[in-house]
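Visitor: Shown below is the structure under consideration.
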Amino acid sequence: MSIVSPFLRMGSRSSGMAAWALLALLVPCSIYSVLYDSTFIWRLIGYALIGSMAETIYTLIVKRKRRLVCTGSAFTAALIAASVPTSMPFLPMLFSILIAVWIVKLPMVELPLRFNAAMAGRLFLMLMYPAQIVNWGTPTPDVISTATPQELYRSEGFPLEWSELLFGRIEEIWEDLFLLVPGSPGETFPLLLLILGGVLCWKRIITWRTPIAFLISFGVTTTLFGNNMLFNLCSSATIFSALFIVTDPVSTPMSKSGRMACGIIMGVSNALIREFTFYTEAIVYAVLIGNLCAPLLDRISFIAQGRRLNNRTLL
Amino acid sequence: MLRKITINWNKLADFRVLENPFPNPERIFSGLDDINPETFLDFLDDIGLVGMGGSGFRTSEKIKASIGAHTLVINGVECEPGITADQSVLLNDSLWVAAGANACAKAVGATKVILATKDGGISLDDLNKRYGEFSMERFAAKYPAGAEKLILKQLTGKTPPPGLRPYQWGYLIQNVVSLRAIGRAIIDGIPVMERPLTLTMPSIGFYKNAVIPVGLTIREVLEVYKISFDPSTHLIADSGLMMGHEVSLDDVIEKTTLSLFILKRDSAWHDERPCTRCGTCNTACPLGLHPYSLVERIKKDKVSSAAFKAQMTECFLCGVCSAVCPSDIPIVQTLKEGKKCL
């Protein structure tokens, strides 16, 4: 094949993107592992290897190509592992990784409508293993010790201090009683996640439009319902998903305005689901709703841009 | 809507030097003293002038359509990264450029002449010394900046509608090298027989601007400079890194050859990977188009919608989308195919 212009390449390369994201995901997970559960990081790496192997097998069988390092699927698997309770048994995790990689991620690459593979795997876990997915086992046996801050807030209307959530460890009155870890391993340190998000944006691995639109619209909507905005932003999976899940390029729109709109849809629906339904893990549904809208948003912004061009007049 | 993109080309040919390695052509006919629109158009056809900024359209046609324009813009904004031939012409051949510009302005009846140059190139002092009678306009040192559409946008503050030609708006935009050729013909009586271009081979650190006779083969040019290379590992890129094409040693220097880059093959080409839909092409497009959406529609042959036609007309194939694509998809090649669907 003859070489065609442009002869100049610049910016980031797609081959390393998933590896960078995986590296960023490993940072909060390893800190969690050091503080709370020393075996967790090895399990996470093991799940990532399983995801990578699943993609290797798929490409070998379907495309007859040999790819040994598949960071994309490894990242998906690691995301699932980091967003469920650490007490999740191996077999459900294996099923959900295989479903995410073999059914949602790889075959849907060229289709117009794509879903976030990690969220699809999580949805499978939530539907098939409802008991395990909310088993936030904490070291102290207590009636409500399995609660995440979100569940406490829902049942007792008591928001924790958002500044304590930022660093992941609840001090003072709560320490004696629960030794709370807010949620799953990945979402434990919102402050760290925010810093990592800045780094990834600067490295051009993720774009800022979707997560910022997501966070702002979520904060505004949840304040409108009379909730504590900072608590809601810092607790649960909000910042974690803004960094790793909402930014997934494959399942969100391509156009700039489409990204904003998609972020807003996800943020608003996340707040609505938290407020009005009894589902836990609102973010899964919110992200999947946003994915559903993505092709439509892309088409709308394409047509709108064409119309704007056509409406330009000479003077 | 215009996003800043800086394409860094690590080293540039020095624009202060414009070499002339070949003997000067001889005077063929007497110059032109009196400029009036009718004779001037015939004169342009006689010297065989085409748009030397790369377009290759007949200049006489353009001038004819532009008669009555109020402003002449001298386009000294280097479009492609790594080329400094325009600046070196502005600096070294100011006599011819100014003569050509004045002749053009007189022929179309333009009352104002604007000299458009790039930030970070020739200093304003140097320009004022040579072109004191023209007004100056500086453009950001980024690609693409030298396209007529983008120059118009900065000059008028409005984005022109798709398909608009500058003369419909009262502007005549002429490339520096075209004006140099006009000036050379008027003063010295030499038709378009040579063109300044940038010769670059980064791997041996060769960067030069030179005036090369049109019609010479590339082999002959390289022999003068004693450049030799292995064609299996290197390629010659004609007319810029972004919009150019590959040529062979036996191709000739044409009037529209902006530059010759001798590049390593492996650094110029990467295999295509599947699209991750990251939207980088969308963000990078200087016109705010949706390049990959266009590509998808071209591949599926859904090319009849008004939105598609408007965006495809607007696109001028600058190649930024391909250059920034993290998956190395040759987007601009497909867009070239799409231009045929219009």
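Read-outs: derived from the displayed coordinates by stated rules, not from any lab. Keep in mind that this is a model prediction, so the values were computed, not measured. Every residue, glycine as well, gets a Cβ built from its backbone with ideal geometry; the counts of neighbours run over all protein chains shown.
Visitor: Nearest 20 debye, what's the magnitude of the dipole of the protein assembly as shown about its Cα centre given +1 on Lys and Arg Cβ and -1 on Asp and Glu Cβ?
Guide: Details: 61 positive and 55 negative charges, 255 e Å.
Here the protein assembly as shown has a charge dipole of around 1220 debye.
Visitor: Rounded to two decimals, what is the ratio between the C-alpha radius of gyration of the range B:209-283 and 2.2 N^0.38 Å?
Guide: Output field value: 1.37.
Visitor: Report Rg(Cα)/(2.2 N^0.38 Å) for the range B:241-290, keeping two decimals.
Guide: Dividing the Cα radius of gyration by 2.2 N^0.38 Å gives 1.60.
Visitor: Which one of B:ALA99, B:ALA85, B:ALA310 has the biggest mean-square fluctuation once chain B is modelled by GNM with Cα springs under 10 Å?
Guide: B:ALA310
Visitor: Once the other residues with Cβ under 10 Å from the Cβ of B:GLY121 are scored (Lys, Arg +1; Asp, Glu -1), what is the net sum?
Guide: Working: positive: B:LYS118, B:ARG138; negative: B:GLU78, B:ASP86, B:ASP119, B:ASP126.
Here the charged neighbours net out to -2.
Visitor: By a straight-distance test (C-alpha under 21 Å), which lysines pair with A:LYS65 as possible cross-link partners, with residues fewer than eight away in the same chain excluded?
Guide: A:LYS105
Visitor: So, one more: In terms of modelled amide H atoms, which long-range or inter-chain residues lie less than 5 Å from the amide H of A:SER12?
Guide: Under 5 Å from the amide H of A:SER12 lies no amide H from a residue far enough along the sequence or on another chain.
Visitor: Applying 1/(1 + (r/R0)^6) with R0 = 51 Å to the Cβ-Cβ distance of A:LEU194 and B:ASP271, what FRET efficiency is obtained, to the nearest 0.05?
Guide: 0.90
Visitor: Continuing with the same structure: For the protein assembly as shown, what is the calculated [θ] at 222 nm in deg cm²/dmol (nearest 500), taking -39500 (n - 2.57) for each run of four or more DSSP H residues and dividing by its residue count?
Guide: So the helix-based figure for the protein assembly as shown works out to -14000 deg cm²/dmol.
Visitor: Quick one: net charge around B:ASP266, please, counting Lys, Arg +1 and Asp, Glu -1 for every other residue with C-beta under 13 Å from its C-beta.
Guide: 0
Visitor: Once you keep just the Cα pairs under 8 angstrom separated by 6 or more residues, what percentage relative contact order results for chain B?
Guide: 21 percent
Visitor: Taking the alpha-carbon distance from B:LYS129 and a cut-off under 18 Å, which lysines remain once sequence neighbours fewer than 8 residues away in the same chain are dropped?
Guide: In chain and number order, the partners are B:LYS118.
Visitor: Could I ask something else about it? List every residue whose amide H lies under 5 Å from the amide H of B:ILE262, counting only residues 5 or more places away in sequence or on a different chain, with H placed 1.01 Å from N in the peptide plane.
Guide: Under 5 Å from the amide H of B:ILE262 lie the amide H atoms of B:THR200, B:MET201, B:ALA237, each far enough along the sequence or on another chain.
Visitor: To continue, here is another question. Convert 25 °C to kelvin, take the viscosity as 0.890 mPa s, use the Kirkwood radius over C-alpha pairs of chain B as Rh, and evaluate the Stokes-Einstein diffusion coefficient in µm²/s, rounded to a whole number.
Guide: Reported coefficient: 117 µm²/s.
Visitor: In the neighborhood of B:LEU342, defined by Cβ-to-Cβ distances under 12 Å, what is the net charge if each Lys or Arg adds +1 and each Asp or Glu adds -1?
Guide: After counting each charged neighbour, the total is +2.
Visitor: Looking at chain B as a GNM with Cα springs under 10 Å, which of B:GLY189, B:GLY53, B:GLY157 has the largest mean-square fluctuation?
Guide: It is B:GLY157.
Visitor: Still on this model: Could you tell me which residue out of A:LEU26, B:GLY205, B:ILE151 lies farthest along the dipole of the protein assembly as shown toward its positive end? Charges go on the beta carbon: Lys and Arg +1, Asp and Glu -1, centred on the Cα centre.
Guide: Of the options given, the answer is B:ILE151.
Visitor: Related question: Using the beta-carbon distance between B:ILE35 and B:THR233 and R0 = 41 Å, what value does 1/(1 + (r/R0)^6) give for FRET efficiency, to the nearest 0.05?
Guide: So the FRET efficiency works out to roughly 0.20.
Visitor: Which value, in debye to the nearest 20, describes the size of the charge dipole of chain B about its Cα centre when Lys and Arg Cβ atoms bear +1, Asp and Glu Cβ atoms bear -1, and nothing else is charged?
Guide: In debye, rounded to 20, chain B gives about 1420.
Visitor: Further question on the same structure: Between B:ASP14, B:ASP45, B:ASP230, which gets the highest mean-square fluctuation from a Gaussian network model of chain B, Cα cutoff 10 Å?
Guide: Greatest mean-square fluctuation among the candidates belongs to B:ASP230.
Visitor: How large is Rg over Rh for the protein assembly as shown, taking Rg from the Cα atoms and Rh as the Kirkwood inverse mean of 1/r across Cα pairs?
Guide: Taking Rh as the inverse mean 1/r over Cα pairs, Rg/Rh reads 1.09.
Visitor: Ordered by residue, what ³J(HN,Hα) values in Hz, to whole numbers, does the range B:49-66 give under the Karplus form 6.51 cos²θ - 1.76 cosθ + 1.60, where θ = phi - 60° and Gly and Pro are x?
Guide: 8, 10, x, 9, x, x, 6, x, 7, 5, 5, 4, 4, 5, 5, 4, 5, 8
Visitor: Here's a follow-up. Which stretch or stretches of the range A:273-308 have amide N atoms under 20 Å from the point lying 7 Å from A:PHE95's Cα along the Cα→Cβ direction?
Guide: Of the residues in the range A:273-308, A:280-281, A:284-285 have backbone N under 20 Å from the label point off A:PHE95.
Visitor: Okay, moving on. So which lysines pass the test for B:LYS299, namely a Cα distance under 21 Å, with those fewer than 8 places away in the same chain ruled out?
Guide: In chain and number order, the partners are B:LYS309, B:LYS336, B:LYS339, B:LYS340.
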